[in-house]
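Chemist: The following block contains the structure, expressed as structure tokens.
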Amino acid sequence: MGNQVEKLTHLSYKEVPTADPTGLDRDDGPRIGVSYIFSNDDEEMEQQQGPGQDAGDLQDLPEEQLQTSLPAPQQPYDPRLYEVECSVYYRDECIYQKSFSSGPAALSTYSPENLLNKCKPGDLVEFVSQAQYPHWAVYVGDFQVVHLHRLEVSNSFLTDASQGRRGRVVNELYRYKPLSPSTVVRNALAQVGAKERELSWRNSESFAAWCRYGKREFKIGGELRIGKQPYRLQIQLSAQRSHTLEFQSLEDLIMEKRRNDQIGRAAVLQELATHLHPVDPEEGDGEPTRTTIEHSSLPHLSGSEHVPAGY
């Protein structure tokens, strides 16, 4: 795979953004640096997924071929089957948490039409489907969202941006203090039309989260990648067991978290069982166990040549 030279988002270090237009990320001083830069939008990968093929991909087929080309009906989407419970820590502070223990409605999904009734301007929306990367967007009112898709920030109707996937409001996943709804909407709308080398985000989640929280950590090259890894992704395997991966930047961690969402819970658990030393099940009777690994310990994280284009 390797570096996708034709999709570099910045031609030189000077072009890497170092501050947000709102000026709200100056609390910890500058944390800028170079980044592994690939295609900015992982939704390109979704087009290769058979089960998640969009109906829009079929619109140019002859009518007589539609019956055989349409994907088979999928089972109802159940987050408990496909998604991974996880928490994200910056040093000792929990900055993100996805948990099923918050109640059955915590991660419930809705059809795009029903989701519109739950959205308010400034909300973060996540569209999910089995075997696809989750797609994030910012609801800006009037049934519309702003989102990063295929290397461009676009303003679309929510129903169109969903591409038939179910969705939910995810304001509570990240624990940063949000900006005011009007500022979130203004941040999103100001980026409409930005594409390719103008972009400062690698995927739809990073873009939407930046709009809501205004933190440079969501941007490409927003943090130095030197020294000890301050970010931890804690993957919950069971009530008593977890594994922790360490990262030097939030940007890298989000890419891994999204990859886990795309391959699904069963594949993540199998991968960890294969590549990490197993823990004796009897040890699960005590405190939750944790295996901390470096960013390069798993094969898919062993270097830039293993990061897929469009991820």
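The values are calculated or read from the model by the stated rules, or taken from the named source; none is laboratory data. Since the structure is predicted, the reported quantities are computational estimates derived from the model, not experimental observations. A quick note on method: Cβ atoms are made from the backbone with ideal geometry, for glycine too, and the neighbour counts reach across all protein chains shown. Areas reflect the complete protein model, heavy atoms only, side chains present, ligands, DNA and RNA absent. Shrake-Rupley method; radii C 1.70, N 1.55, O 1.52, S 1.80 Å.
Chemist: Can you run down the residue pairs with Cβ atoms below 7 Å, 6 or more apart or on separate chains, where the first is in segment 179-193 and at positive phi and the partner is buried (at least 19 other Cβ atoms within 10 Å of the Cβ)?
Modeler: Partner pairs satisfying both residue conditions: GLY193/VAL153.
Chemist: Here's a follow-up. What residue, of TRP201, TRP136, TRP210, is in a loop (DSSP other than H, G, I, E, B) and surrounded by 22 or more Cβ atoms within 10 Å (Cβ to Cβ)?
Modeler: TRP201
Chemist: Out of the residues in segment 213-234 meeting the condition of being in contact (Cβ under 8 Å) with a residue 40 or more places away in the chain and assigned to a helix (DSSP H, G or I), tell me which one is nearest to ASP261 (Cα to Cα).
Modeler: My answer is GLU217.
Chemist: Further, regarding this structure: Can you tell me which residue among LEU224, LEU245 is open to solvent by 10 Å² or more (accessible area, probe 1.4 Å) and of a type in the set (A, V, I, L, M, F, W, C)?
Modeler: Result: LEU224 is the single residue among LEU224, LEU245 that is open to solvent by 10 Å² or more (accessible area, probe 1.4 Å) and of a type in the set (A, V, I, L, M, F, W, C).
Chemist: Now a separate question. Within segment 157-197, which residues are open to solvent by 30 Å² or more (accessible area, probe 1.4 Å), at pLDDT 95 or above and not in a loop (DSSP other than H, G, I, E, B)?
Modeler: PHE157, THR159, ASP160, ARG166, VAL169, PRO181, SER182, ARG186, LEU189, ALA190
Chemist: I need the full set of residues from segment 113-144 which are of a type in the set (Val, Ile, Thr) and more than 21 Å from LYS177 (Cα to Cα), in order please.
Modeler: VAL128
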